[in-house]
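Asks: I am attaching a structure below and will ask some questions about it afterwards.
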Amino acid sequence: MTAHPSHSVVRRPRSLTHPPRTGLLLVAPAILLVTVFALVPLAFALYISVTNWPLVGEYRFVGPDNYRLALTDPGMWKAIRYTLLYTAIVTGPILVIGYGLAVLVRRRRRGSTVLRTIFFLPFVVGLTTLSYMLVLEAQPESGAINRILRALGLSGGTTAWLVDGPLATVLICLLVIWTVPGLTMILLMAAMQSIPAETYEAAQIDGASWWQREWRITIPMIRQNVAIALIISVIGSLLAFNQFFILTRGGPGTDTMTIVGYIYNRAFVELQLGSATAISLLLVVVVAAVTGAQFLLLREKD
């Protein structure tokens, strides 16, 4: 008789250092946090957005009515247009000034640390604190802004900055353009310092000017950091609220009403939380789309 060889099953030995459940146990806290603080609130927000939730009192299911009414609400579209205008005004200067400051302090020379601290200090103080300070300094009679302009002979010193839509917008934009570039500076400076000095030296030997070195070496090599800085700036502008709420409350009328301010009024002034939540979710979708588009346009090409 011919003996048939036995077929043995080869089993992979169990890992002694990484048991099967170790990975799950390690990520469980993160999964729990995301579920409790992100997924559950998002699901609850979706539920609220299809009701007429009044914040106080009974509510009922209304389906997609909140979304339909939001898309035909002229007040919401006015707030969106103003938010986009504000974003368009401040985004470019924040990036350009932040880049210029990063170029100024990227080299480790005497005094550069002090300059970094000075340039970054307004961002550390924060827009909220600076907005409260600006409320005092923009007063028609007692504010420092009018006193300085009067001393320079540029105005009569009684300009009511915060009760005029265009003037308030100019003042807020200047405040933001002064405050935020410090963060952009830090992000771009860190990337610039990681570029090997030999790269610049080789380009300089080849006769490249300073501008050519910046345009053909620095900017391409910090492209991802520029994208991150730009995305942070745009998202922050689209979600702007604190400075407008403190300085103008969206006024006069609704001339300086941003979309987040409009959502706030809808929820906590008009007590229409269901409608406000629907608009908030639409804003989340728009911000996600803008962020994705920026990543695609500014991503580093292989």
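The values are calculated or read from the model by the stated rules, or taken from the named source; none is laboratory data. On a predicted model such as this, the values are computed, not experimentally measured, just so you know. Here Cβ is always computed from backbone atoms with ideal geometry, including for glycine, and neighbour counts include all displayed protein chains. Each accessible area value is taken on the protein alone, full model and side chains, heavy atoms only, with ligands, DNA and RNA left out. Shrake-Rupley method; radii C 1.70, N 1.55, O 1.52, S 1.80 Å.
Asks: Checking E214 against (1) among the charged types (D, E, K, R); (2) closer than 21 Å to G92 by Cβ; (3) crowded, with 19+ Cβ neighbours inside 10 Å, which single condition isn't satisfied?
Replies: Of everything listed in (1) among the charged types (D, E, K, R); (2) closer than 21 Å to G92 by Cβ; (3) crowded, with 19+ Cβ neighbours inside 10 Å, E214 misses just condition (3).
Asks: Going through region 39-91 one residue at a time, which ones are outside any helix (DSSP H, G or I) and among the aromatic types (F, W, Y)?
Replies: Of everything in region 39-91, those that are outside any helix (DSSP H, G or I) and among the aromatic types (F, W, Y) turn out to be W53, Y59, F61.
Asks: I would also like to ask the following. Identify the residue in region 140-169 that is among the polar types (S, T, N, Q) and either closer than 19 Å to F241 by Cα or open to solvent by 70 Å² or more (accessible area, probe 1.4 Å) (or both) and, among all such residues, is nearest to the chain's Cα centre (by Cα).
Replies: Checking each candidate, the answer is T169.
Asks: Shifting gears a bit: Does S275 count as open to solvent by less than 30 Å² (accessible area, probe 1.4 Å), within 19 Å of R68 (Cα to Cα), assigned to a helix (DSSP H, G or I) and not hydrophobic (A, V, I, L, M, F, W, C)?
Replies: yes
Asks: Quick check on T117: is it polar (S, T, N, Q), within 30 Å of E214 (Cβ to Cβ), part of a helix (DSSP H, G or I) and modelled with pLDDT of 90 or more?
Replies: Spelling it out, T117 is indeed polar (S, T, N, Q), within 30 Å of E214 (Cβ to Cβ), part of a helix (DSSP H, G or I) and modelled with pLDDT of 90 or more.
Asks: Let me ask you something else. Regarding V56, is this residue among the β-branched types (V, I, T) and open to solvent by 100 Å² or more (accessible area, probe 1.4 Å)?
Replies: Judged against the criteria, V56 is a match.
Asks: When you go through S209, S233 one by one, which is the residue that is of a type in the set (S, T, N, Q) and more than 16 Å from the chain's Cα centre (by Cα)?
Replies: Answer to the check: S209.
Asks: Considering region 245-276 alone, what residues qualify as being under 23 Å from Q139 (Cβ atoms) and of a type in the set (D, E)?
Replies: Of everything in region 245-276, just one residue is under 23 Å from Q139 (Cβ atoms) and of a type in the set (D, E), namely D255.
Asks: While we're looking at this one, here's another question. Would you confirm whether any residue within region 259-271 is over 23 Å from the mean Cα position of the chain (by Cα), touching a residue at least 24 places away in the same chain (Cβ under 8 Å) and in a helix (DSSP H, G or I)?
Replies: Yes; the residues of region 259-271 include at least one that is over 23 Å from the mean Cα position of the chain (by Cα), touching a residue at least 24 places away in the same chain (Cβ under 8 Å) and in a helix (DSSP H, G or I).
Asks: Let me ask something else. Using the structure shown, decide if T129 is modelled with pLDDT of 90 or more, surrounded by 13 or more Cβ atoms within 10 Å (Cβ to Cβ) and over 30 Å from I217 (Cβ atoms).
Replies: yes
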